[in-house]
Amino acid sequence: MEIVIVRDAAEAGRVAALKIASVVERKPDAVLGLATGSSPLGIYESLAARVEAGELDFSRASGFALDEYVGIPLDHPESYASVIRRDVVEPLGMDPARVRVPDGRADDIEVAAAEYDEAIAAAGGIDIQILGIGANGHIGFNEPTSSFASRTRIKTLAPQTRADNARFFDDPSQVPTHCMTQGLGTILDAHEVVLVAQGSAKASAVAGMVEGPLSAMCPGSALQLHQHATIVVDEEAAALLTLSDYYRYTYANKPVWQRFEH
Ligand code: F6R
C-alpha cells in the first residue's frame, strides 16, 4: 500500500486525479472503476477541469460503477446511474454506451450480478478502481463481515450507512435498504486501486484499513492484499495512523520514476 497524506480534501482530489490521469494518458481506452458518494467528487472535478482544458480525453475510456441501490427508480436523482451520469460521464466526456452501473432493478438480481462481473472480465478487467471508504470501513457497499472473496451481489446496507447517506435524500426513510455492489474479490481483481478519504469521521476506518489486522470487520483492510493500492488521505483522515511520519518520509523521497505527479 502506498499512503499519501495531503493537506486537505481539495488536495486529496487533485493528487488522486493525477493517478487516474496517468493511467488514461498511458491507455486512452482504460477501464475505470467508478465510486459515487462525496469522497471522489474532487477527483472528478479535477479531471473534468483537465478535460475542459483539452489536456485529457476520456472518450475512449469505459467505466463500471462500484454499486447501485436496489429498489430505486433508474431516473431517481440519487440512483447511482443518475449520479454517475451527472458527476462522471457528462463532465468527463465519457461515452455513455461504455459506462455500466449494476442493474439494481433486474428481475433476477443474482443473474444480473454475475453478468456484471462477467462484463468486467470481458472488458479486460478494471485498470484503475476509484474508491471511498465508509465510516464503518466498508468499500463499495461491502459492509463489515463481507467475505474477502465476495463477488458482485446484493447486500443489505448497514444502519450507519443508511444514516450517512440520508443527506442525499429528502427523507431518511427514502434511503434504500439494499444495494448491488462489486464484491471485495471483484475490487481486489482491479489492476490498480486508488482510495480517497477526507475528514475526521473517516480516521478510524482509515487506521483499520491501513494498519489494522486483515479483518472482515474492516472490509477496507482487504486492500492490504492488493499489489497496487494507493491511499490518499487528508490530515484529518490520517489522524489515527501511527506510522504517518514514515508515510510522509516515503512519499517525499519517492524516486522520480515512481512519481505520478507532473
Ligand atoms: C460509493 C461507495 C461507498 C462510498 C462510501 C463513502 O460508490 O461504494 O463505499 O465510497 O460510503 O461515502 P462518502 O464518500 O459519501 O463519504
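The values are calculated or read from the model by the stated rules, or taken from the named source; none is laboratory data. Please read these numbers as outputs of a predicted model, since none were measured by experiment. Using ideal geometry, Cβ is built from the backbone for each residue, glycine included, and neighbour counts are taken over all protein chains shown.
Can you pull out the residues in segment 130-174 that are more than 10 Å from the ligand (Cβ to nearest atom), assigned to a helix (DSSP H, G or I) and among the acidic types (Asp, Glu)? None; the set is empty. Only helices (runs of 4 or more DSSP H) whose full extent lies in segment 180-262 are considered here, and the ones with at least 1 residues that are under 21 Å from residue 7 (Cα atoms) are 203-211, 244-252. Answer yes if at least one residue in segment 29-41 is assigned to a helix (DSSP H, G or I) and surrounded by fewer than 23 Cβ atoms within 10 Å (Cβ to Cβ), and no otherwise. Taking every residue of segment 29-41 in turn, at least one turns out to be assigned to a helix (DSSP H, G or I) and surrounded by fewer than 23 Cβ atoms within 10 Å (Cβ to Cβ). Pairs linking a residue in segment 90-105 that is at positive phi to a residue that is in a loop (DSSP other than H, G, I, E, B), with Cβ atoms under 7 Å and 6 or more positions apart or on different chains, are 93/58; 93/59. Within segment 5-21, work out how many residues are touching a residue at least 40 places away in the same chain (Cβ under 8 Å) and buried (at least 17 other Cβ atoms within 10 Å of the Cβ). Residues meeting the conditions: 11.
Within the set 95, 127, 67, the sole residue that is within 14 Å of the ligand (Cβ to nearest atom), closer than 19 Å to residue 31 by Cα, among the charged types (D, E, K, R) and modelled with pLDDT of 95 or more turns out to be 67.
Check whether at least one residue in segment 33-49 is out of contact with any strand residue (DSSP E or B) (no Cβ under 8 Å at 6 or more places or on another chain), closer than 30 Å to residue 176 by Cα, acidic (Asp, Glu) and without any contact (Cβ under 8 Å) to a residue 40 or more places away in the chain, and report yes or no. So far as segment 33-49 goes, no, none of its residues is out of contact with any strand residue (DSSP E or B) (no Cβ under 8 Å at 6 or more places or on another chain), closer than 30 Å to residue 176 by Cα, acidic (Asp, Glu) and without any contact (Cβ under 8 Å) to a residue 40 or more places away in the chain. How many residues are among the aliphatic types (A, V, I, L, M) and out of contact with any helix residue (DSSP H, G or I) (no Cβ under 7 Å at 6 or more places or on another chain) when one looks only at segment 53-69? Summing the residues that are among the aliphatic types (A, V, I, L, M) and out of contact with any helix residue (DSSP H, G or I) (no Cβ under 7 Å at 6 or more places or on another chain) in segment 53-69 gives 2.
For segment 51-61, the count of residues that are surrounded by 14 or more Cβ atoms within 10 Å (Cβ to Cβ), at pLDDT 95 or above, out of contact with any strand residue (DSSP E or B) (no Cβ under 8 Å at 6 or more places or on another chain) and among the polar types (S, T, N, Q) is zero.
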